[in-house]
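Chemist: What follows is a single structure, and I will ask about it in a moment.
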Amino acid sequence: MADKSIKQPENVPGKYYVDQTCVPCSDCIKEAPNLLQYNDDESHIFFKNQPTNQTEEKQAKAAMAMCPVDAIGDDGE
Ligand code: SF4
């Protein structure tokens, strides 16, 4: 389970976030390209946008479900 106390600093505020256990494998970006992106040195992924409609909400949930290290959480603020 992702830990909101170790969020990546670049995440925009809101429900979804990537924590510091991201590998990164980049698989989640394929699920939600409008929501997720690499940081500058490509050491991890973060949420650049929060979902604003049902389609994006589904994409965020799909990204969370397929993350191999459970680095994506939906209990952020
Ligand atoms: S799927 Fe998980 S480990 Fe892979 S890049 Fe996304 S957040 Fe990081």
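Chemist: Can you list residues whose amide H is under 5 Å from Leu36's amide H, if they're 5+ apart or on another chain and H is modeled 1.01 Å from N?
Modeler: Lys48
Chemist: With a 1.4 Å probe and all protein chains kept in place, how do Tyr16, Tyr38 rank by accessible area, largest first?
Modeler: Heavy-atom accessible area, descending, gives Tyr38, Tyr16.
Chemist: Could you derive backbone 3J(HN,Hα) for the range 62-77 from the dihedral phi with the Karplus parameters 6.51, -1.76 and 1.60 (θ = phi - 60°), listing whole Hz in sequence and x where the residue is Gly or Pro?
Modeler: 5, 4, 4, 5, 9, 5, x, 10, 6, 8, 9, x, 10, 10, x, 10
Chemist: Leaving out same-chain residues fewer than 8 places away, which aspartates and glutamates sit with a Cα under 18 Å from that of Lys61?
Modeler: Excluding near neighbours in sequence, the set is Asp3, Asp19, Asp27, Glu31, Asp70, Asp74, Asp75, Glu77.
Chemist: Let me ask something else. Using only DSSP helix segments of four residues or longer, with each worth -39500 (n - 2.57), what per-residue ellipticity at 222 nm results for the chain after dividing by its residue count and rounding to 500?
Modeler: Per the formula, -6500 deg cm²/dmol.
Chemist: If DNA, RNA and ligands are ignored and the probe is 1.4 Å, what is the ranking of Glu42, Glu57, Glu31 by accessible area, most exposed first?
Modeler: Final ranking, largest accessible area leading: Glu42, Glu31, Glu57.
Chemist: Another question, then. Please name which of Ile29, Gly14, Asn39 has its Cα lying farthest along the dipole of the range 1-52 towards the positive end, using unit charges on Cβ (Lys, Arg +1; Asp, Glu -1) and the Cα centre as origin.
Modeler: Towards the positive end, the residue furthest out is Gly14.
Chemist: Next question, about the same structure. Treating only the Cβ atoms of Lys and Arg (+1) and Asp and Glu (-1) as charged, compute the dipole magnitude of the chain about its Cα centre; round to the nearest 20 debye.
Modeler: 220 debye
Chemist: Once you have the Kirkwood Rh of the chain from its Cα pairs, apply Stokes-Einstein at 4 °C and 1.567 mPa s and quote D in µm²/s.
Modeler: Value of D from the Cα-based Kirkwood radius: 110 µm²/s.
Chemist: Quick check: with the 1.4 Å probe, what order do Thr52, Thr21 take by accessible area, largest first?
Modeler: Putting Thr52, Thr21 in descending order of accessible area: Thr52, Thr21.
The values are calculated or read from the model by the stated rules, or taken from the named source; none is laboratory data. Model, not experiment: these values are computed from the prediction. Please note: Cβ atoms are built from the backbone with ideal geometry, for glycine as well, and neighbour counts cover all protein chains shown. The protein model used for the area step is the full one, side chains on, heavy atoms only, and it has no ligands, DNA or RNA in it. Shrake-Rupley method; radii C 1.70, N 1.55, O 1.52, S 1.80 Å.
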